[in-house]
Amino acid sequence: MTRAGISAILMGLFAGLIVWALPGMAQAQSASTAVHHGLTAEEFSAQSREVIRRTPRRVRIYRGSNYPGPNSKRVCNAHYEQEYRPSGTVIVPRMNCYWSG
């Protein structure tokens, strides 16, 4: 056998030895880190985590200083305006509303 053949066989054996030894090393390492940190697989899963829910923001309908009163009516004025767009001038509806009391 030639020197290249012998080195190829030795490289193959060495690579096989490394592949054979790696799963055992990885398993031992993960077990030791779990014991070291005290964490289990359930603590890493998304299903077991508690979801922190925030209360939704409250939308204020009336401002305290401008409360229109109990018998107020909402008055709305609707009209059409021209809007100038790249595709051409268009007519769009607009509406302005206010409280009358």
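Of all residue pairs spaced 6 or more apart or on separate chains, those with beta-carbon atoms under 9 Å, a first member in the range 1-17 that is at pLDDT below 80 and a second member that is surrounded by 10 or more Cβ atoms within 10 Å (Cβ to Cβ) are MET1/ILE9. When ARG53, ARG58, ARG74 are screened for being basic (Lys, Arg), over 30 Å from MET95 (Cβ atoms) and at pLDDT 80 or above, only ARG53 passes.
When residues of the range 73-101 are filtered for being charged (D, E, K, R) and within 39 Å of the chain's Cα centre (by Cα), how many remain?
Let us first name the residues in the range 73-101 that are charged (D, E, K, R), namely 73-74, 81, 83, 85, 94.
In the following step, the residues that additionally are within 39 Å of the chain's Cα centre (by Cα) were identified as 83, 85, 94.
Residues that pass the stated criteria total 3.
The values are calculated or read from the model by the stated rules, or taken from the named source; none is laboratory data. It should be emphasised that the depicted structure is a prediction, and the values quoted were computed from it without experimental measurement. We place every Cβ from the backbone using ideal geometry, glycine too, and count neighbours over all the protein chains shown.
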